[in-house]
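Below is one structure, written out as structure tokens; comments come after it.
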Amino acid sequence: MTGNHDAASRRARHEKLWELMERQNLGSLLLRRSNDFAWYTGGADNRVDHAPSLGVADVLVTLDAEYVFTNNIEAPRMREEQTPNFEVVEHPWYEDDATALREVIGDAPLGTDFPLAGASDVSEDISCLRHVLDLDALKRYRGVGADAVAAVAEAAGSLEVGMSELEAAANLAAACRRRGLFSSVLLAAADDRIVRYRHPIPHGDKIERRAMLLVSAERGGLYANLTRIVHLDEPDEESKRRLEACETILRRMREEATLPGLTLADAFEDCRHTSTRRRVSRASGSCTIRAARQATVRARSSRPRRRRRRYRQVRPSPGIPPSPGPRPKRPSSSPSPGPR
């Protein structure tokens, strides 16, 4: 993929916002949410604190221009590192940003992706646009997925008997940061905590027989979620059976439920449909679709993961049943809307 694709993707995003402005009778749009900022700028980061959903710089689109709008503290970093291809408009950090914004756009009707007095909230419309990955996003997403796999493999290779969950988690966090990934969710579990808790926050238990590492790795507004179980001793027959069942479920979901033209809502419907027909106790214990974690609105990597050493295998989230077979025909009018 070349720079021409990146430029074409940026133009396409700009045209989509213009169309939205025309439909909503708006004269300008302001994007402050970090995921929307990353989407429009092609992966730039407007955050300092990762906890809030709103960043410290905005994308401002008018009928005849586009800018990055921020305060004088963040402006140099935006110009030099994050958004060098955008014109940056700055205002003093101690002044009201709404007043400074009106100095730029005048009385033009304003749309925003967050609640703001005197503006129309178009966050849902922006979200729908962002959930369709263009060529530029796909290129970056593949990079995020590959780096997440490498980070988990590095951390998995460091595991040893007697290591604590906190040490394992620290190794995984460091492996992500070395690759420019932010781990918004990071879990590590030893032995019995793997099956006892669905979200085993690192607690400090010592690893004896096996460990689980999980990360939700983000870069440029795109997420890759990956779970890996590492056996330091040969797994028992029940563990082997469950791992093989998960591999089968993941393969069938990848090959039968995640097809071009379908949405995540379609894939989830396949899971739910099968779950209502039968429990999946034979495949993965007593889990059902109600216990699954696969409905998150995230961009995800579905490539097969390699095994490492003797018994290293990927453990997808339990509870996803296999596809029921051929999909019933859907109405031809419009596909079911849903997140990517």
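The values are calculated or read from the model by the stated rules, or taken from the named source; none is laboratory data. Because the structure is a prediction, the values reported are computed rather than measured. Glycine gets a Cβ as well: all are built from the backbone with ideal geometry, and neighbour counts include every protein chain shown.
Return the pairs, sorted by first residue and then second, in which the second residue is assigned to a loop (DSSP other than H, G, I, E, B), the first residue lies in segment 92-106 and is in contact (Cβ under 8 Å) with a residue 24 or more places away in the chain, the beta carbons are less than 7 Å apart, and the residues are 6+ apart or on different chains.
Short answer, once both residue conditions are applied: Ile105/Gly27.
Taking the condition of being in contact with a Ser or Thr (Cβ under 7 Å, 6 or more places away or on another chain) and surrounded by fewer than 22 Cβ atoms within 10 Å (Cβ to Cβ), how many residues in segment 213-225 meet it?
Of the residues in segment 213-225, 1 are in contact with a Ser or Thr (Cβ under 7 Å, 6 or more places away or on another chain) and surrounded by fewer than 22 Cβ atoms within 10 Å (Cβ to Cβ).
Checking the condition modelled with pLDDT under 95 and either touching a Lys or Arg at 6+ places or on another chain (Cβ under 7 Å) or of a type in the set (Lys, Arg) (or both), which residue from Arg33, Arg10, Arg77 passes?
Of the residues listed, the single one that is modelled with pLDDT under 95 and either touching a Lys or Arg at 6+ places or on another chain (Cβ under 7 Å) or of a type in the set (Lys, Arg) (or both) is Arg10.
Take the conditions farther than 27 Å from Leu26 by Cα, of a type outside the set (A, V, I, L, M) and within 20 Å of the chain's Cα centre (by Cα) and apply them to Tyr141. Does it pass?
Answer is yes for this residue.
Go through Ala51, Ala7 for me and flag whichever is surrounded by fewer than 16 Cβ atoms within 10 Å (Cβ to Cβ), free of Cβ contacts under 8 Å to residues at least 24 places away in the same chain and farther than 25 Å from Ala119 by Cα.
It is Ala7.
So which of Glu165, Glu154, Glu160 is of a type outside the set (A, V, I, L, M) and surrounded by 21 or more Cβ atoms within 10 Å (Cβ to Cβ)?
Glu165
For segment 223-265, what are the residues that are part of a strand (DSSP E or B), under 22 Å from the mean Cα position of the chain (by Cα) and of a type in the set (A, V, I, L, M, F, W, C)?
Matches in segment 223-265: Ala224, Leu226, Ile229.
Give Val152, Val144 a once-over and let me know the one that is touching a strand residue (DSSP E or B) at 6+ places or on another chain (Cβ under 9 Å), in a helix (DSSP H, G or I), over 25 Å from Ala8 (Cα atoms) and in contact (Cβ under 8 Å) with a residue 12 or more places away in the chain.
Val152
Take the residues of segment 10-48 that are under 16 Å from Pro84 (Cα atoms) and among the aliphatic types (A, V, I, L, M): which is surrounded by the fewest Cβ atoms within 10 Å (Cβ to Cβ)?
Ala44
Could you list, in sequence order, all residues of segment 209-255 that are farther than 29 Å from Ser127 by Cα and among the acidic types (Asp, Glu)?
Asp233, Glu234, Asp236, Glu237, Glu238, Glu244, Glu247
From the residues in segment 246-262 that are surrounded by fewer than 18 Cβ atoms within 10 Å (Cβ to Cβ) and among the hydrophobic types (A, V, I, L, M, F, W, C), which one is farthest from Leu133 (Cα to Cα)?
Across segment 246-262, the extreme among qualifying residues is Leu259.
Which one of Gly180, Gly204, Gly162 is more than 16 Å from Thr227 (Cβ to Cβ), assigned by TED's automatic domain parsing to the domain that holds Thr227, assigned to a loop (DSSP other than H, G, I, E, B) and modelled with pLDDT under 95?
Gly204
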